[in-house]
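Working notes, beginning with the structure itself.
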Amino acid sequence: MGYLDNTTITVDAILTKKGRQKLASGESLNITKFALGDDEIDYSLYRTDHPLGSAYYDALIKATPITEASPDESQALRYKLVTLPKGTTQIPVVSVGISSIEAWHNQGEVSISPTTSPTGNRNAGYTLVLADQRAGTLAVTQTPVARRATTPTFLPDEVTATAHVVSGLQFTFTPNRSLTSDVETTLTAYGNETGGSVTIPVIVKYVTIGSTQ
């Protein structure tokens with residue numbers, strides 16, 4: 001990783017692995033959306049007590065070196081900037097209403113109802129990521145007004161290869177009835193409009209016929 005010279009305005013653009021694959025196969029990128037992030041910025045450096053006055057409150061922040069663009073989509077833009085309604089005084093917090101999911105492999109559906117406090121994500125909803133799809137399946141029971149096919153955060157190839165990802169407003173989780181052993185994983189809910197996320201543990205236990213649950 002390198003640093004860019006912040007004395008000049010620089011646009012540093014590189015392609016992710018997916019982008020290079022599309023170009024190599026002759027496909028057009030057709031970029032229609034983009035994200036902005038401030039991963040490198042330490043806002044504790046904003047000093048309202050600077051002896052030279054308000055013009056220097058952000059002097060240290062402006063002097064912070066900016067890292068080069070990274071081809072690793074799991075490391076870049078992990079903290080995205082979002083646009084919130086004018087007058088917003090609190091950062092929206094995403095919750096799924098439960099601290100964990102613990103179920104037997106032959107158990108029925110578990111309802112998942114994400115919410116955002118104080119408000120948000122009612123139009124585009126949420127993206128749920130079950131890290132290990134062996135644990136079960138996710139289903140959307142209520143779709144949002146504005147549908148978005150992409151997740152609000154970049155997921156590395158090793159995650160998408162094993163995860164189950166869906167987007168909506170309301171969901172159910174159904175344990176995998178074909179399990180032959182316990183599976184422990186995580187479920188993450190991302191807000192598609194406000195950003196933010198919450199992760200809870202998921203434990204699906206295998207129960208043999210004749211055993212007591």
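Tell me whether the range 70-88 contains one or more residues that are under 24 Å from Leu187 (Cβ atoms) and among the β-branched types (Val, Ile, Thr).
Yes, because at least one residue in the range 70-88 is under 24 Å from Leu187 (Cβ atoms) and among the β-branched types (Val, Ile, Thr).
Consider Pro152 carefully, then state whether it is in a loop (DSSP other than H, G, I, E, B) and at pLDDT 60 or above.
Criteria not met by Pro152.
Could you grab the pairs with beta carbons closer than 8 Å, sequence gap of 6+ or different chains, first residue in the range 161-181 and in a loop (DSSP other than H, G, I, E, B) and surrounded by 16 or more Cβ atoms within 10 Å (Cβ to Cβ), second one modelled with pLDDT under 90 and of a type in the set (A, V, I, L, M, F, W, C)?
Ala163/Leu155
Looking at the range 175-196 only, could you name the residues that are modelled with pLDDT under 90 and of a type in the set (Asp, Glu)?
Within the range 175-196, Glu193 is the sole residue that qualifies.
The values are calculated or read from the model by the stated rules, or taken from the named source; none is laboratory data. Computed from a prediction, not measured in an experiment: that's the story for all the values here. Heads up, the Cβs are rebuilt from the backbone with ideal geometry, glycines too, and the neighbour counts pull from every protein chain shown.
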